[in-house]
Structures are given as C-alpha cells and as structure tokens.
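The values are calculated or read from the model by the stated rules, or taken from the named source; none is laboratory data. Since this is a predicted model, take the numbers as computed values, not measurements. For neighbour counting, all protein chains shown are included, and Cβ atoms are generated from backbone atoms with ideal geometry for every residue, glycine included.
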Amino acid sequence: MLSILQNPFSRFLPWVVVASIITGCDSPTEPPAAKPRISEETSSPIYPRQERGTGVNGVAFVPTESCAECHEPQFREWVGSHHDWAMKVATESTVKGNFNNTTYAVHGITTRFFRDNEKFMVETEGPSGEPEIFEIGYTFGVEPLQQYLIAFPKGRLQSFNVAWDTKKEQWFTLYPDEKVPYDDPIHWTGRYQSWNVMCAECHSTNLRNQYDFQTDTFKTVWDEINVSCQACHGPGENHIDWARNINPGQVYEQEEYQLTVNFKESPQAQVDQCARCHSRRHSISIEDDHSGTFLDHYVPETLRSDLYHVDGQIKEEVYVYGSFVQSKMYHAGVSCMDCHNPHTLKPWLPDNALCTSCHSLDPPISRFASLKPKEYDTPDHHHHQVATEAASCVNCHMPERMYMEVDGRRDHSLRIPRPELTVDIGTPNACNQCHEEETPEWALAAVETWYGPRTPTSQTQYARAIAAADKGELGSQQTLLALAQDLDLPSIYRATAVERIEPNNEAALAAVRNLTRDADPLVRLHAVRVSSNLMEPETIESFVALLTDPKRSVRFEAARSLADYPVEMIPDSAASSFESIVQEYAASLEAHGDMPGNRFNLGILRMSQGRGEEAIEAYRTALTMDPFLLPVRFNLAGILNMLGRNAEAEKVLREGIRRHPEEGELYYSLGLLMAESQRWADAAQFLGQAAQRVEGRPRIWYNYALALQQAGDLPGAEKAYQEGLRAIPDDTDLLYAVTVFYLQQGRVEEARIYAEPLVKQHPDNPEYQIMLERIRRQLSPQ
C-alpha cells in the first residue's frame, strides 16, 4: 500500500554545536563600546554589555583586578595570552589587520577595509547579496589569525569570513574552495556565523546569551569581555572575602580557600574544566554556573566518522578533549596543566624538553607508576638526526592538521605512528605526513626494521573494528558490542562503539540496554540513545531507573527516550520525576533555540507529547533558520500529512527539491504523497526521479511501477519492474509484483520466469506455491 514516508532519516537529530573560531582573550578594563554606523540592512544593533552576574549558589563574579591584588605573577602571565586576546573592542591597539583602504578579492567579491576616523570599516557583500558598509565592533583572537565581529539586529554579532593572517600580514578567506551564497546560513551574515550561537560562551567570562525563544533575539551580557580568571576558576566573591579576612601567618587547607573550582581535586577534574571549551560538544544546561561536572552541562561528541578518522585521529576541528581522553597519558593521570602553563597557555618547556621531563632515564614514577626509565631523545629511539624537526616528539606522536587555513592544531591522542593501519584501512600516519613522496608500505618496512613486527594494541583493534563496521563486514556488529563491553577501553571508544550498533540488530540492542547500568556516564548516555530503538517493557524499566542518574545529560536522554512511549506505560512512581525532567529538557532546548537542531528536537518532543501544532511551529522555525536541514523537512511533511494537510506537505517537499535537486528521498516522499491523493501521473514522475537517485531501495522501484500501472502506462510499469530487478535481482516484493503484473496481462510464460525464483527463495510460503502451481497448470498441455 502506498503511503507517505513519515521520516526516512533518523528520528532524532543530536544536539550539535559546531564552533569555528579560535580561542583567545582581552584586558581586564573594557573600553566603552563604540556606536558604529551600520549598513541600512543591519540598523539598530543591540550590543553585548558588561553586567555582573553570579554562579553556583549565588556566588558573585568580581572584577579581574581583584584577583590581581594577590595573584600578580599569574595575572602578568595571563596578560597577552590567547585567553586575554579572546575578544576585544576594536581599537587602534587591538586591531591587527590592515584597514588602510586596502582591498581583497575572492569568488568575484571585492572587500574593502578602511578607516572612518577612529572606526574600522569594511565594505563587502551583505545579507541581501549587495555591497554594504559595516563597522567592525570587536576583534576575535590574535594569532595565527584575527577575526572581526560586526553588530547586527536582534543582538547578534556576526563573524566576518575574511580574516587577517598575523604571520604573513595579509587578508585571506576562511572559505577558499567555494563561494557561499548570501542566503545560505553559513554565509558570514547567516546563523552559523553568529558569534552568539557558535562562539560566545567560550570567548568571554560568565557570558549569558539571554536568548528570547519567541522573538529569536539576544540580550547578551558578560562579566568580562574575554577569558579571564573566573572563566576557569569560577566566581570569586567568596574567595575574595576569605582572602581579605585571613589571619596573617596562619596555614590554611585547600578546602578553606572558598574556591568555586578546585583544580587539585583530580587530574580528570582538571581536564573536565578545560573541556568546557576545548571540546566538540553541545550545551544542555541553560547556563554553565560551574556547578556539577562536565556532563551536567555538555555532551561531548563521540569519534564520529565526519569528525575523526576510524582510528580516532583528528579529521575536523575537534578542540583537543575528544583526542586527549583516548590517550594513555590521560588514563595515567596526566592533565592539561602538566604540559601547559594555565595562565600563558604555553608549554612549560620548549621542544622535546617538555616530553623528556617525564619520558627519561629518571621519570617521576611517584606520580606515574607506568613510566619506564629510558632515554627517548636519541637516534636509538627516533632514528633521526637530533635537534631537527624530524626528531621532534610531537611531529611523530602529535601530528598537526591545519584548520581555518592557517591555524595548525596537534592531535592530542598521543599515539604511535601506525603505517600498517594506513596500508590496511587507509588511516593517516605521521611518517607519511612528513615523507609524502613515499608509500605507506615504505613507512611500514622502516618501522618494522627499527622496532620489529607491529603488535596489536587497543587502539589498533578499535580502529579495525570501526573500519569493519563502517564497511558492514560480517560479524562486525558483534565486535562492536565486545568493544562497548570492554571496561579497559577509553570511555569514548566504548561510547562510539555503542553509537555504531545498527538499530535493527535486536540481539545487540538487548546487550546494549544492559550498558545503561554501566559505571561510565558517557557509555550510559549512548546506551540509552541506541537501545531506545528496542520498544520493550524492559527498555522502559532501564530508562526509568536513569531518571535519577547523577548526570543531567543521562537524565535528559532517558526522559527524551521515554517520551516516545505512551504516557500510561510510565510507572506512577516515576511520573513526577519524568515530567519534571521533560520540562527541564524542553526549557534547555528553548534556551538554546537559536540553533535549528534544538528547534527540531523540540518539535520531536512536542510531537511525542501529542502537541502537533507546537511541533509544526518548531519545525517551521527550524527550516526558516536553516532551509537545508533535510530531517526537519521530512518530519514537517510527515506531520502535515498525518493531520491531512497534504497541500502544505506538498509545498514543503517541493521547496526541498528546489534546494536539494539531487536528493532522492525528497522525490520519493513527494511521490508517495501524490499516490496517496491518487495523482498517479505525478506520483510516477517523482517516484521515477527517486528511483534514479537512490540505490539499493527495491521499495522505490516497486512503488514506481505500481504508480505507472495505476496511471495506465503498462509499458512503463514493465520497464520499471525490469530495471528494479536488474538493480536488486532477488527482491521478494519486486519478484512477486512483476509476476502478478504479467499474470494480469495474460503473459503466463513471463510470469513463470519470476515465480520460480520467488518460490525457490521462499519454499514454505503457501501463497507463492499456489501461484506457481496455477501458472504451471496454465502452461501445461490439456
């Protein structure tokens, strides 16, 4: 039976935050904000402003100068750091770019940078696609590039896509490979280049976006414009009060300091503090007030194939955390501050001296018991000339990738180069990243000559398992399950393995459901997300138990998944906590409703609650924000169809085809919608387009042929059946349909040709047996 495909994609678009700006910071005294002359299209901007706020338990943030009164050495180290330069008001002393009436041309757009007295101006393509003049409001970062922010209406700051290369001292575009259309959300004037949405919370101290869900407006405030002391240490009011009332000469314990954040709690706690910004993650709390833990405020991305290579090496910009938690060093208790001065952000020691401060003949075994006394900075180990780039520890163990065209970032998974994985599964290796002219086989031979045959490790076993699963190899799902259950692996490996379990693998899903009781919260979270496909009473029990999980991220995931079940299936004892967490989850989505993905998730939640009109509104708003989001478009068309509003659904799908002319699923959904209305000629047209664009989907050919039959185009229907069977020769539905088609035409011999393989595939199906027997009787002589 033909019916509209409600949502051929995932029913849940995960929360996503994609940051695209470098980190940096400003001085403690903020210059007054200028009142710039804005283009006519962007009049009446609302500027961010300074407003003292509070954090956990109402503890207030204090001026940075208060910290400097006692901590002058640390303050001096911080001044001039990337945190200090994270964001500054654009002034003569902060702007590094050339605004001396210079031009930069790319993709047919000429941008002019000039001065208007004290103001820094840019003339470039605006939101209408026409040249306009804008004033630079703020600088963003300092090296190796500096970006510039421009004020727009509704409290937005937009990040301009032409940046200043501070090393080469020249302008360059962040999108050299293609021209971004002015109406695309990724255009510099679009939503995905909004400072408020993509960058703000990690470039200022105690930033509150104060987003208005109904008007899509920001009234952003901060305590400090840049990343100052309390961005990391938390609000300092109590500590300042304590410090001003201590008895001179008395020794105090750490817990008496009245610090909001205790960096001496554990190495992992230190890393979690840095991860608040130095990670690829999305926010789930309305504000990060420095309470709780990392997973109470954020959900980090797993090692997704679009972000990382299958072995966990960095691919896209992922901001360190997801790499570092894979490393042996992290699991041995190494923290960010073991290598980096937290105030200058620079390594404690230069070059190999940093690494050999631990990896030496006299290692600090008292802290890291697994260290072995050994000399590493020697040709006996690295087989290169000492004190050269080739002998640099980081070039082999932390290879660099370039982001934003000029910004090199090192992989913090701190791994041994594995050319054997390059040979077998195509992952990069540090050897060939230097020796580009050589083959991976050459690199492998050299490594085996120096160190002997390569032996498997947890990293290589993980890499091979993920590669096999991505290819759909036989047995790979069981291997993934084994990885997920291996308590010795890094939690991000285990969570990634869980995430890749196929949703139709019921046996594996039942085992994954058991992982909702795992000790690791990241594993629990993804176990909930994946096992929610297993709609059974046991699943409800597992999720209900997690409504009291200590981590907000896990509670949210459990409540979101339970919302898919009829409310009467939720035990009475859990009803109150379930409703409370769902409301908190919805409030979080609204607080972050500046991102279309959160509007989409809100629409899914409202739909599961039976609040269809609110779901439609959420989906429509998400599409207004980003008209290219296909899952939103499918969900909106689906719910409109369910409500009998097919004309609106048709309009949604046709607009999708206009924007995505090669997306076969759109044609398929529109074809099914036409069929539901018995517009058979239109249905056949769109189903035919879908069949040409989507591979391996016999149901599309089946529906296409049926639509042609209904439209009276029998030759076309026959051709569609034949083409479908050439593409998928053993599909049961196609074999059955074409058999019936030929019988209806009285072409019994041709019907037999397809009925026989159908019966061979399904020897126990009585319907197929009877049909073949009738065909044979018709063909046998009387």
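With the requirement that a residue be polar (S, T, N, Q) and over 16 Å from GLN193 (Cβ atoms), what does segment 168-182 give you?
Selection gives GLN170 alone.
Does ALA649 meet the test of being more than 27 Å from ILE728 (Cβ to Cβ) and touching a helix residue (DSSP H, G or I) at 6+ places or on another chain (Cβ under 6 Å)?
yes
Conditions (1) surrounded by 13 or more Cβ atoms within 10 Å (Cβ to Cβ); (2) within 27 Å of ARG304 (Cα to Cα); (3) at pLDDT 95 or above; (4) not β-branched (Val, Ile, Thr), marked per residue:
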position	(1), (2), (3), (4)
GLU420	yes, yes, yes, yes
ILE425	yes, yes, yes, no
ALA430	yes, yes, yes, yes
GLN433	yes, yes, yes, yes
ARG454	yes, yes, no, yes
TYR462	yes, yes, yes, yes
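Could you go through segment 438-461 and let me know if any residue there is in contact (Cβ under 8 Å) with a residue 60 or more places away in the chain, assigned to a helix (DSSP H, G or I), touching an Asp or Glu at 6+ places or on another chain (Cβ under 8 Å) and of a type outside the set (D, E, K, R).
Looking through segment 438-461, at least one residue is in contact (Cβ under 8 Å) with a residue 60 or more places away in the chain, assigned to a helix (DSSP H, G or I), touching an Asp or Glu at 6+ places or on another chain (Cβ under 8 Å) and of a type outside the set (D, E, K, R).
Are any residues in segment 621-662 part of a loop (DSSP other than H, G, I, E, B) and touching a Gly at 6+ places or on another chain (Cβ under 7 Å), and if so, which ones?
Across segment 621-662, the qualifying residue is only LEU643.
When the residues of segment 761-782 are filtered to those that are over 58 Å from the mean Cα position of the chain (by Cα) and loosely packed, with under 10 Cβ neighbours inside 10 Å, which remaining residue is farthest from LEU734 (Cα to Cα)?
Here the residue is GLN782.
Tell me yes or no: at least one residue of segment 467-484 is in contact (Cβ under 8 Å) with a residue 12 or more places away in the chain and within 30 Å of ALA574 (Cβ to Cβ).
For segment 467-484, residues in contact (Cβ under 8 Å) with a residue 12 or more places away in the chain and within 30 Å of ALA574 (Cβ to Cβ): present.
Every residue in segment 158-200 that is among the aliphatic types (A, V, I, L, M) and within 22 Å of the chain's Cα centre (by Cα), please.
Correct list: LEU174, VAL180, ILE186, VAL197, MET198, ALA200.
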